[in-house]
Amino acid sequence: MGIWQKSKLFANRHRTGLAVSVLAALLLVTPLVVSNPYNLGILNLIGLYVIVVLGLNLFIGYAGQISLGHAAFFGLGAYGSAVLTATYGFPAWPAMALTAAGLALVALALGVPTLRLSGHYLAMATLGFNYVVHSVFVQWDQVTGGPSGLSGIPPLSLFGLAFDTDTKFHYLVWTAALLALTLCLNLVRSGVGRGLAALAQDEVAAATMGVNVRRAKVQVFVLSAVCASVAGSLYAHYFGYVNPHAFSIFKSLDLVIMVVVGGMGSIWGTLFGVGLITILPHLLDFFETYMDIIHGVILVVILLFLPQGFITGLVDLVKTRLARRRLAAAAATGATSG
């Protein structure tokens, strides 16, 4: 076997790891190229949302469920770390771990009864949860600071290095995002991921194949909530300030739109969906003014013309075109030889 064949075989076997490594290398040099702190801040924000949306995509795209309340978990992660560190003086990393563990229990307690529901009933239940949590953020001003929010949150630090600049935080948040990406890529290729994929297609068929449908739903729901919690904690320590507006029902809708645009069940597409929806309001004032309307239009267009998502739909479209060309070429060759 020649060097080219061996290289090709190695690339096919390890394409996921190679793709993540290439992305990591690009992100490693990004601060050297992107010198504008504003642009680097947007990239950091994309990294935060990537962690949330990766978990949400597992729940929507692979488990076939719907959640309109993940901004609540995102906000609880942010406020949990903020209150523990700024108010009670907890160290930042233990506060983040404690918050994530607490939210895992909350998601478990919420998921066991609500995941008996499906379709728009489940969507309304998670939306109601988001509404309740957002109301607590606004009304419980003795703890959360009310509508004004909570400030004085210290930056994260590790071995004496404080992540108190956009550049330093860039490496932290994207390390976490790449770890989440790798986890999700490995998960969907495992037996658990195949069980989730079967669950999304047909719950009855998945159950007959030995998938514990109820447990699988709860597990992926808890995992997605923990991802949102970690991202929320990073968000709080990055900005040093949290307020209820950042975790409203509209933010939950934005997160779902990111999943749909990137492609339901497409882990790599998540990066595109998050990047597009996050960057759009920053391109022109027009997008920021009419953000909710534009996001709604994008969602409708994607669902009408590319229901599997932009990236997934585009890949399927290209594959279909190539397959048709091959069939046409084979038919033409057969006619000529005949």
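The values are calculated or read from the model by the stated rules, or taken from the named source; none is laboratory data. Note that the structure is predicted; figures quoted are calculated from it, not measured. Positions of Cβ are generated from backbone atoms using ideal geometry, with glycine treated the same way; all protein chains shown enter the neighbour counts.
Of the residues Leu271, Leu178, Leu223, Leu187, the single one that is within 22 Å of Thr114 (Cβ to Cβ) and in contact (Cβ under 8 Å) with a residue 40 or more places away in the chain is Leu223.
Any residue in the stretch 87-99 that is under 22 Å from Ala197 (Cβ atoms), in contact (Cβ under 8 Å) with a residue 60 or more places away in the chain and buried (at least 20 other Cβ atoms within 10 Å of the Cβ)?
So the first thing to find is which residues in the stretch 87-99 are under 22 Å from Ala197 (Cβ atoms), and the list is none.
No, the conditions are met nowhere in the stretch 87-99.
Of all residues in the stretch 49-108, those satisfying the criterion of being within 17 Å of Ile249 (Cβ to Cβ) and in a loop (DSSP other than H, G, I, E, B) are Ile66, Ser67, Leu68, Gly69.
Val188 meets all of the listed conditions (1) touching an Asp or Glu at 6+ places or on another chain (Cβ under 7 Å); (2) over 30 Å from Val33 (Cα atoms) but one, namely (1).
Residues in the stretch 190-202 that are without any contact (Cβ under 8 Å) to a residue 60 or more places away in the chain, in a helix (DSSP H, G or I) and either over 30 Å from Ala95 (Cβ atoms) or not hydrophobic (A, V, I, L, M, F, W, C) (or both): how many?
Filtering the stretch 190-202 down to residues without any contact (Cβ under 8 Å) to a residue 60 or more places away in the chain leaves 190-192, 194-195, 198, 202.
Still in the list and also in a helix (DSSP H, G or I): 191-192, 194-195, 198.
Keeping just the survivors that are either over 30 Å from Ala95 (Cβ atoms) or not hydrophobic (A, V, I, L, M, F, W, C) (or both) gives 191, 194-195, 198.
Residues flagged as without any contact (Cβ under 8 Å) to a residue 60 or more places away in the chain, in a helix (DSSP H, G or I) and either over 30 Å from Ala95 (Cβ atoms) or not hydrophobic (A, V, I, L, M, F, W, C) (or both) within the stretch 190-202 amount to 4.
Taking the listed residues Leu103, Leu84, Leu45, the one that is within 18 Å of Ser233 (Cα to Cα) and surrounded by 23 or more Cβ atoms within 10 Å (Cβ to Cβ) is Leu103, with no other qualifying. Summed over the stretch 129-146, the residues that are over 16 Å from Phe250 (Cα atoms) and either outside any loop (DSSP other than H, G, I, E, B) or not small (Gly, Ala, Ser) (or both) give a count of 8. Whenever a residue of the stretch 241-260 is farther than 18 Å from Ser151 by Cα, its partners that are polar (S, T, N, Q), lying with C-beta atoms within less than 7 angstrom and at least six residues away or across chains, give the pairs Ile249/Asn130; Ser252/Asn130; Val259/Asn57.
Here is a check on your reading of the model: is Ala231 in contact with a strand residue (DSSP E or B) (Cβ under 7 Å, 6 or more places away or on another chain) and modelled with pLDDT of 75 or more? Steps first, answer last, please.
Details: in contact with a strand residue (DSSP E or B) (Cβ under 7 Å, 6 or more places away or on another chain): no; modelled with pLDDT of 75 or more: yes.
Against the criterion (in contact with a strand residue (DSSP E or B) (Cβ under 7 Å, 6 or more places away or on another chain) and modelled with pLDDT of 75 or more), Ala231 does not qualify.
Looking across the stretch 114-128 at every residue that is out of contact with any Ser or Thr (no Cβ under 8 Å at 6 or more places or on another chain) and assigned to a helix (DSSP H, G or I), the one that is farthest from Ile66 (Cα to Cα) is identified as Gly128.
Set side by side, the residues Leu122, Leu156 differ, and just one is within 24 Å of the chain's Cα centre (by Cα), surrounded by 12 or more Cβ atoms within 10 Å (Cβ to Cβ) and closer than 30 Å to Arg214 by Cα, which is Leu122.
The test for being polar (S, T, N, Q) and under 22 Å from Leu108 (Cα atoms) does not hold for Ser35.
For the stretch 289-308, the criterion of being aromatic (Phe, Trp, Tyr), at pLDDT below 80 and loosely packed, with under 11 Cβ neighbours inside 10 Å is met by at least one residue.
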